[in-house]
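The values are calculated or read from the model by the stated rules, or taken from the named source; none is laboratory data. What you are looking at is a predicted structure, and each value in this text was computed from that prediction instead of being measured. Neighbour counts are summed over all protein chains in view; Cβ atoms, including those assigned to glycine, are modelled from backbone coordinates with ideal geometry. Heads up: the accessible areas ignore ligands, DNA and RNA and are worked out on the full protein's heavy atoms, side chains in. Shrake-Rupley method; radii C 1.70, N 1.55, O 1.52, S 1.80 Å.
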Amino acid sequence: MSVLVLAEHDGKQLKPGVTNMLTAAAKLGDVTVLVAGTQASEAAQAAAKVAGVKKVLLTEAPIYEGSAAENLAALVLTIAEQYSHILGPASAFGKNVLPRVAASLDVQQISEISAVESPDTFVRPTYAGNAMATVQSSDRIKVITVRATAFDPAGEQGAAPVENLAPGPDLGLTQYKGSELSKSERPELTAARIIVSGGRGMGSAENFKLIEALADKLGAAVGASRAAVDSGFMPNEYQVGQTGKIVAPELYIAVGISGAIQHLAGMKDSKVIVAINKDAEAPIFSVASYWLVDDLFKAVPELTKELSS
Amino acid sequence: MKVLVTVKRVIDPYVKVRVKSDGSGVETANIKMTMNPFCEIAVEQAVRMKEAGVVTEIVVVSVGAQQSQETLRTAMAMGADRGILVDAGVDVEPLAVAKLLKAIIAKENPQLVITGKQAIDDDSNQTGQMISALMGWPQATFISTITVNGDTADVTREIDGGLEKLTIKLPAVVTSDLRLNEPRYVTLPNIMKAKKKPMEVIKPDALGVDVTPRLKVLKVQEPPSRSAGVKVADVKELVAKLKNEARVI
Ligand SMILES: Cc1cc2nc3c(=O)[nH]c(=O)nc-3n(C[C@H](O)[C@H](O)[C@H](O)COP(=O)(O)OP(=O)(O)OC[C@H]3O[C@@H](n4cnc5c(N)ncnc54)[C@H](O)[C@@H]3O)c2cc1C
């Protein structure tokens, strides 16, 4: 079995979750990692040092600027037939590219796997994680996206060889016009050991400062419910849930979040969950390890203070 | 310009889904069904573009069982002009849906296809990208804005780090994210009007597409449940528990 893994990176580093995906990949066979971008050699070097990686392919060209789904899929297709499995992350990046690869190969993609049962059988969450389906693929090449939180990160190794791979065709279908990326000193949501999330109960963008102060005290990332994002309290990239980010930190603190199915889908695999809500009946308490029925405007500053003492 | 929008009938997002005791799937008998929320956003976008004079006709397509006609009627009550049901009897996999759509696109020649970014039942997040690949068209997934300028469109995509802006050539496929718009409620007069709008029903065979599944569902199970938690009396107790019991801070 030979496995091709499409790495997500920022040019210099692999994105959080890639090493987790490589753990899943190693269960399937010999792993080759494809690192493509406008500039990607540092990220390729990083990939070469992840345990289990046999070879890294590096492709650098201006046509891979931005998300570049069409051109990246076309690049993968230049080598796809050499592999039994093609994996990508179940992130906005991977979800954008992999289905194009699958359709072009006439393969039914297996989305967001959470376990590898055998080379053709995988477990994947459906219905916002309320039904775990075990599926067996009959396709000749398995195209798969991987849920990072379901696998442990792979360790390190002495560097595997890095080879250059020629760029694929430039399809010229889309023009990249730039991006607005949030800059924060805090850890990235999907990589954080601790996350403090706020919901509609926060009441305003201004009040999210309470969440941020607590997060900074804990060295935590900040998250939000959809209601908090829709209300404009926080930007979209902070949304945790079925249709936002899937997280599983060691500690998740949910503040003023009711606990809708769609929110739980994104955080219920966290190791320890704390919920702070003034409603004693809030559904979030059903998944909480510890819960506090209290007004958040009193409890959160108190908690920040208590942690300082 | 003509727009084609896809819609899927799914279990209502606010229903607690239950896994069948024989592990063959989830309970669907007597369960409230609705239009996939992301498809609703896709339909709403097409209707707004028609209201703004950018779009001349909206064709809405669903692949599934006969009951999906209700979903198509809802889309027509929102403002779509006509409906096409590909009566596959059951839900089919995204790849097969994309192939069926390719066949329909060949007949309809839309300039823009709008799909939801994912269906909240299967959570696959594939169909739009697959249609785009099979057509050899540009794609813009997870969009939160779209402006059409002649034969191109400017879009904003919601990505993991923030937002991305693209200009795509038309025809293209775009998939809707939550913040693209807030779908309207359908009114009774519009529901009545929708009943008179044309609805075509086609079988997958007639489109020359084999919809045989590639994935075999071996079993469906409940996720592992979390062990019961503890209510704490105050912040002091919470901090003590986190430090001494859970040892996470
Ligand atoms: C297709 C679809 C996709 C979705 N995707 C997501 C997703 O990815 N992520 C997501 O989060 N949601 C998602 N949702 C939305 C989800 O259904 C809920 O609407 C949302 O999670 C609610 O957010 P909330 O808990 O912040 O708000 P609410 O449900 O309004 O809860 C606010 C909570 O704050 C508490 N509160 C208020 N004031 C105080 C106070 N002073 N002190 C303490 N507590 C207080 C209240 O008691 C209440 O429990 C999705 C919905 C749909 C239909």
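Take every DSSP beta bridge with both residues inside the protein assembly as shown and express the antiparallel ones as a percent of the total, to the nearest 5. Within the protein assembly as shown, antiparallel bridges account for around 35 percent of the total. Peptide packing: for B:156-166, A:218-228, A:131-141, B:236-246, the average count of neighbouring Cβ atoms within 10 Å per residue gives the ranking A:218-228, B:156-166, A:131-141, B:236-246, highest mean first. Report the net charge of residues surrounding B:Val55, where surrounding means a beta-carbon distance below 11 angstrom and charges are Lys +1, Arg +1, Asp -1, Glu -1. So the surrounding residues net to 0. Count charges around A:Lys278 for me, please; just the other residues with Cβ under 13 Å from its Cβ, Lys/Arg as +1, Asp/Glu as -1. Cβ neighbours under 13 Å give a net charge of -2. Taking the Cα centre of chain A as reference, the dipole from Cβ charges on Lys and Arg (+1) and Asp and Glu (-1) amounts to some 240 debye. According to the Cα-based calculation, Rg over Rh for segment A:49-151 is 0.97, with Rh computed by the Kirkwood formula. Once the partner protein chains are put back, segment A:74-100 shows a loss of at least 30 square angstrom of accessible area, versus the chain by itself, at A:Ala92, A:Lys95, A:Asn96, A:Pro99, A:Arg100 (probe 1.4 Å, ligands and nucleic acids excluded). When the GluC sites (Glu not before Pro) in segment A:220-309 are filtered for DSSP coil states and for at most 10 other beta-carbon atoms within 10 Å of their beta-carbon, the remaining sites are A:Glu281.
Scaled against 2.2 N^0.38 Å for its residue count N, the alpha carbon radius of gyration of chain A is 1.05.
Surface composition of segment B:2-221: carbon plus sulfur atoms contribute 52% of the solvent-accessible area (1.4 Å probe, protein chains only, all chains present). Accessible surface calculations at 1.4 Å, restricted to protein heavy atoms, place segment B:2-221 at 40 Å² per residue.
Of the residues making up segment A:219-240, those losing 40 Å² or more of accessible area when the isolated chain is joined by the remaining protein chains, with a 1.4 Å probe, are A:Arg226, A:Asn236. Inter-chain Cβ neighbour count for B:240-249, averaged per residue, equals 5 (cutoff 10 Å, partner chain atoms only). Each residue, B:Leu188 and A:Arg140, gets one label point 7 Å from its Cα in the Cβ direction; the gap between the two is 5.9 nm. Each of the peptides B:100-108, B:2-10 was scored by the mean count of other Cβ atoms within 10 Å over its residues; in descending order, highest first, they stand as B:2-10, B:100-108. Taking the longest Cα principal axis of chain B as reference, the axis of helix B:68-78 is set at about 80 degrees.
Taking every residue in A:120-126 and counting other chain Cβ atoms within 10 Å of its Cβ, the average works out to 4. On association of chains A and B, roughly 6800 Å² of accessible area becomes buried (total for both chains; probe 1.4 Å).
Show that you can apply the helix-only estimate: for chain B, add -39,500 (n - 2.57) for every DSSP H stretch of four or more residues, divide by all residues, and state [θ] at 222 nm to the nearest 500. Dividing the helical sum by the residues of chain B leaves -7500 deg cm²/dmol. Converting the Cα gyration tensor eigenvalues of the protein assembly as shown into ellipsoid dimensions via √(5λ) gives semi-axes, longest first, of 36, 30, 23 Å. Normalised by residue count, chain B yields a Cα convex hull volume of 187 Å³ per residue. Accessible-area loss of 50 Å² or more (1.4 Å probe, protein heavy atoms, chain alone versus all protein chains) is found in segment B:141-180 for B:Asp160, B:Gly161, B:Leu163, B:Glu164, B:Lys165, B:Thr167, B:Leu178, B:Arg179.
On segment A:219-309, 53 percent of the accessible area sits on carbon and sulfur atoms, based on a 1.4 Å probe. Packing order of peptides A:94-101, A:30-37, A:179-186, highest average first: A:94-101, A:30-37, A:179-186 (average count of other Cβ atoms within 10 Å over each peptide's residues).
Compared with the dominant principal axis of the Cα atoms in chain A, helix A:69-79 is inclined by about 40°.
Size estimate for segment A:16-84 follows the Kirkwood approach: the inverse of mean 1/r over distinct Cα pairs works out to 12.8 Å. In a simple Cβ point-charge model (Lys, Arg +1; Asp, Glu -1; nothing else charged), the protein assembly as shown has a dipole of about 740 debye relative to its Cα centre.
Near B:Asp177, once Lys and Arg are set to +1 and Asp and Glu to -1 for all other residues with Cβ below 12 Å from its Cβ, the sum equals +1. Residue by residue along A:171-177, Cβ atoms of other protein chains within 10 Å of the local Cβ number 6 on average. Taking all protein chains into account, the per residue accessible area for segment A:191-307 stands at 35 Å² (1.4 Å probe). Using only Cα atoms, tell me the angle between helix A:296-308 and the longest principal axis of chain A; keep it within 0 to 90° and round to the nearest 10. Orientation of helix A:296-308: about 80 degrees from the principal axis. Here is the result for segment A:158-241: no chymotrypsin sites (Phe, Trp or Tyr not before Pro) lie in DSSP coil with at most 15 other C-beta atoms within 10 angstrom of their C-beta. Based on the Kirkwood approach, the hydrodynamic radius assigned to segment A:131-235 is 18.7 Å, with every pair of different Cα atoms included.
For segment B:34-182, the equivalent ellipsoid built from the Cα gyration tensor has semi-axes of 22, 17, 16 Å, listed from largest to smallest. For segment B:2-221, the residue among B:Asn149, B:Pro94, B:Thr28 whose Cα projects farthest onto the positive side of the dipole built from Cβ charges is B:Thr28.
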